[in-house]
Amino acid sequence: MFGFLKKGLKKTVEAIQSTTPVKREKIGRDELEDLLLEADVSYDLVEKIVESLPETVKRIQLYNTLISLFMYSAEKIEPHGEKPFVELIVGVNGAGKTTTIAKLAQRYKSEGKTVLLGAADTFRAAAIEQLKTWAEKIDVPIVYTKQGHDPSAVAYDAINSAKAKQIDHVIIDTAGRLHTQTNLAEELKKIVRVCGKAMEGAPHRKILILDGTQGNSAINQAKAFKEMIDIDGIIITKLDGTAKGGALFSIAEELKLPIYYVGVGEKAEDLIPFDPKEFVNTILDAIFIEEEENAVPSSGKTHHVDLHSLTEAQRARLEALLDKDGYNLLSKHFVSERSSGETYRLGINENSDRIEVLRPDGTVLKAYKAEDLESNG
Ligand SMILES: Nc1nc2c(ncn2[C@@H]2O[C@H](COP(=O)(O)OP(=O)(O)OP(=O)(O)O)[C@@H](O)[C@H]2O)c(=O)[nH]1
């Protein structure tokens, strides 16, 4: 799971690292302000975050501030009682609604649940076709009608069909645009009412899909949908395609809604549950040296290795082992050894057979199994 979010935040992490290329234990407020803006956290929120922090900020202090922005985190709603569990998906055209519906359906299927789709974006023929294509691809039933027909009727039929067949989940697509905004609001409200008639309590979740590449500019659009119908939570798509991942902080804070999932690619499996802790830590990993590794002294006798004396193969292996960040950090400090007199070192620990990257004070930054380096060396 961790790897998936990391992949989704790759561009955001790169944006942060363009401002702060070397990881550290503390960061100054000004620099922090720059990197948060670079990651598309909204200006007002950046001010608010920075104001609450001291002049130099430690990882744990920033963690506490950032995590509190996600206090509207998602409760895990377990479908309970009567089937089906009905989800209504709303959002503007192009936000990734159709793809996200397919991803959700795929997720439920992989959990052993049955799913039925409702194509209630009857405004555009292409929307119906696109959802039908996905339904076929992931092999789930779909209820649809002709373009221009009543979308509420589709929602009603979808729920009834699922009730009759004892299907676990119904996911209903809706239009992202109609002739006017008022029409859209009326249509969505009507669909909600009709879902409630088909099944008490439905729709169980009204989910807004936001295009992650829009960053903060998606907030006003989200507020408009929130006013139309009472949205329960958000899914942010296309996180992989943007350096604006920091906008998730502003989105969560401004809308006071949980983020259920994030989309990190175009394939059906590229939808991952949003975990605020993992999100904050991935951002912090781009800035700070990992906290739990702080101040762990090296144990045993360490035999230092000269980076420049490694063979090409060992170097390549080391680079793969330490990951780019670790290797770059090591090389950078190693090269500057003579000028600064302080260097991060690579050591082979004779007692534990570990390879250790040591800070200038002798504490361990990272440790790896020695055999991993030697096997290919
Ligand atoms: N990279 C990436 N692309 C995505 C993601 N989610 C959706 N897309 C792409 O975004 C484009 C728009 O997605 P759709 O699902 O067609 O959007 P929509 O909101 O249903 O659009 P309409 O059908 O026009 O309402 C498609 O090319 C998708 O493949 C994601 O998480 N990552």
Count of the range 167-185 residues which are surrounded by fewer than 20 Cβ atoms within 10 Å (Cβ to Cβ) and modelled with pLDDT of 95 or more: 1
Filtered residue count, the range 98-128, keeping only those that are open to solvent by 10 Å² or more (accessible area, probe 1.4 Å), within 7 Å of the ligand (Cβ to nearest atom) and within 22 Å of SER161 (Cα to Cα): 1
Search result, residues across the range 82-97 that are closer than 16 Å to TYR261 by Cα, in contact with a His (Cβ under 9 Å, 6 or more places away or on another chain) and either β-branched (Val, Ile, Thr) or near the ligand (Cβ under 10 Å from one of its atoms) (or both): none
Some residue of the range 204-213 being free of Cβ contacts under 8 Å to residues at least 40 places away in the same chain, within 22 Å of PRO151 (Cα to Cα) and among the hydrophobic types (A, V, I, L, M, F, W, C): no
Unmet criterion (only one of (1) free of Cβ contacts under 8 Å to residues at least 24 places away in the same chain; (2) over 26 Å from the mean Cα position of the chain (by Cα)) for GLY112: (2)
When residues of the range 194-249 are limited to those that are of a type in the set (Asp, Glu) and outside any loop (DSSP other than H, G, I, E, B), the one nearest to GLU278 (Cα to Cα): ASP240
Residues of the range 75-94 classified as modelled with pLDDT under 95 and on the phi < 0 side of the Ramachandran plot, total: 10
One residue from VAL280, VAL194, VAL264 being under 12 Å from the mean Cα position of the chain (by Cα), away from the ligand (no atom under 16 Å from the Cβ) and crowded, with 19+ Cβ neighbours inside 10 Å: VAL280
Conditions (1) at pLDDT 90 or above; (2) touching a Lys or Arg at 6+ places or on another chain (Cβ under 7 Å); (3) open to solvent by less than 90 Å² (accessible area, probe 1.4 Å); (4) not hydrophobic (A, V, I, L, M, F, W, C): number failed by TYR72: (1)
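The values are calculated or read from the model by the stated rules, or taken from the named source; none is laboratory data. All values reported here derive from a predicted model rather than from experimental measurement. Cβ atoms come from the backbone with ideal geometry, glycine included; neighbour counts cover every protein chain shown. Surface areas here come from the heavy atoms of the whole protein model, side chains and all, with no ligands, DNA or RNA. Shrake-Rupley method; radii C 1.70, N 1.55, O 1.52, S 1.80 Å.
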